[in-house]
1. Just a yes or no: is a residue in region 48-57 modelled with pLDDT of 95 or more, farther than 26 Å from GLY35 by Cβ and open to solvent by 50 Å² or more (accessible area, probe 1.4 Å)?
2. When you scan region 89-113, how many residues do you find that are more than 19 Å from TRP71 (Cα to Cα) and either surrounded by fewer than 18 Cβ atoms within 10 Å (Cβ to Cβ) or not hydrophobic (A, V, I, L, M, F, W, C) (or both)?
3. Residue by residue through region 72-87, note down the ones that are in a loop (DSSP other than H, G, I, E, B) and either surrounded by fewer than 18 Cβ atoms within 10 Å (Cβ to Cβ) or without any contact (Cβ under 8 Å) to a residue 12 or more places away in the chain (or both).
4. Would you mind finding the one in ALA116, ALA164 that is more than 20 Å from HIS41 (Cβ to Cβ), open to solvent by less than 70 Å² (accessible area, probe 1.4 Å) and assigned to a loop (DSSP other than H, G, I, E, B)?
5. Would region 107-120 turn up any residue that is at pLDDT 95 or above, out of contact with any strand residue (DSSP E or B) (no Cβ under 8 Å at 6 or more places or on another chain), more than 16 Å from ILE83 (Cα to Cα) and among the hydrophobic types (A, V, I, L, M, F, W, C)?
6. Return yes or no: is SER134 open to solvent by less than 60 Å² (accessible area, probe 1.4 Å), out of contact with any His (no Cβ under 9 Å at 6 or more places or on another chain) and closer than 21 Å to GLY61 by Cβ?
7. Can you find even one residue in region 131-144 that is in contact with a Ser or Thr (Cβ under 6 Å, 6 or more places away or on another chain), part of a loop (DSSP other than H, G, I, E, B) and farther than 19 Å from GLY35 by Cβ?
Amino acid sequence: MWKVGNNMKKILAVILSLLLIVTTLPMVYAEGNEGAFGSKHTWAYDSDTKTLTISGEGDMGNFWNMYNPPWDAFEGQMKTLVISDGVTNVGEYLFYNSNLEKVVLGKDVKTIGEYAFAQSSYLNTVELGAGLESIEKSAFGSCGSLVEISLPDNLKTIGVRAFA
């Protein structure tokens, strides 16, 4: 029988830890002003225009820990958000209490999740894509600077207090 000493156990633990880190890096990585999250989405922040652009395909999911999105380092600086064609939703709480002033949604965004932009008191311009079907509960709640918005013809559902 092979006997493993304490030093060998420590080395093995370090190797396994490094292996775990390396295998999970593709899930969320950030280098400078851009990065990836999930398996099909990327983000890029342009510090000159103060614009965050999210690109990819399909549902970007929700960020239950709204205080640590991948672009967290730029959270207080962002003024414009662009969600490119191909992305199908804005996740719940994703831009809750942001400093955003303008939001532009691509034609493939079908759902704006609950509280997605709530408490974003500077938000005054929102361009909704033609494919939008649902604005969930309180999505734009307490956005006092948002006084006018054009709703697309495709819209089927507006949640409770979506614009309260």
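The values are calculated or read from the model by the stated rules, or taken from the named source; none is laboratory data. Just so it is clear, the model here is predicted, and its values are computed rather than measured. So basically every Cβ, Gly included, is an ideal-geometry build from the backbone, and we count neighbours across all protein chains shown. Calculation scope for accessible area: heavy atoms of the full protein, side chains included, ligands and nucleic acids excluded. Shrake-Rupley method; radii C 1.70, N 1.55, O 1.52, S 1.80 Å.
1. Scanning region 48-57, I find no residue that is modelled with pLDDT of 95 or more, farther than 26 Å from GLY35 by Cβ and open to solvent by 50 Å² or more (accessible area, probe 1.4 Å), so the answer is no.
2. 5
3. Once the filter is applied, which keeps residues that are in a loop (DSSP other than H, G, I, E, B) and either surrounded by fewer than 18 Cβ atoms within 10 Å (Cβ to Cβ) or without any contact (Cβ under 8 Å) to a residue 12 or more places away in the chain (or both), region 72-87 yields GLY76, GLN77, LYS79, ASP85, GLY86.
4. So the residue among ALA116, ALA164 that is more than 20 Å from HIS41 (Cβ to Cβ), open to solvent by less than 70 Å² (accessible area, probe 1.4 Å) and assigned to a loop (DSSP other than H, G, I, E, B) is ALA164.
5. Yes, that holds for at least one residue.
6. So SER134 fits the description; yes.
7. Initially, region 131-144 is screened for residues in contact with a Ser or Thr (Cβ under 6 Å, 6 or more places away or on another chain), giving 134, 143-144.
So of that shortlist, the ones also part of a loop (DSSP other than H, G, I, E, B) come out as 143-144.
Keeping just the survivors that are farther than 19 Å from GLY35 by Cβ gives 143-144.
Yes: region 131-144 contains one or more residues that are in contact with a Ser or Thr (Cβ under 6 Å, 6 or more places away or on another chain), part of a loop (DSSP other than H, G, I, E, B) and farther than 19 Å from GLY35 by Cβ.
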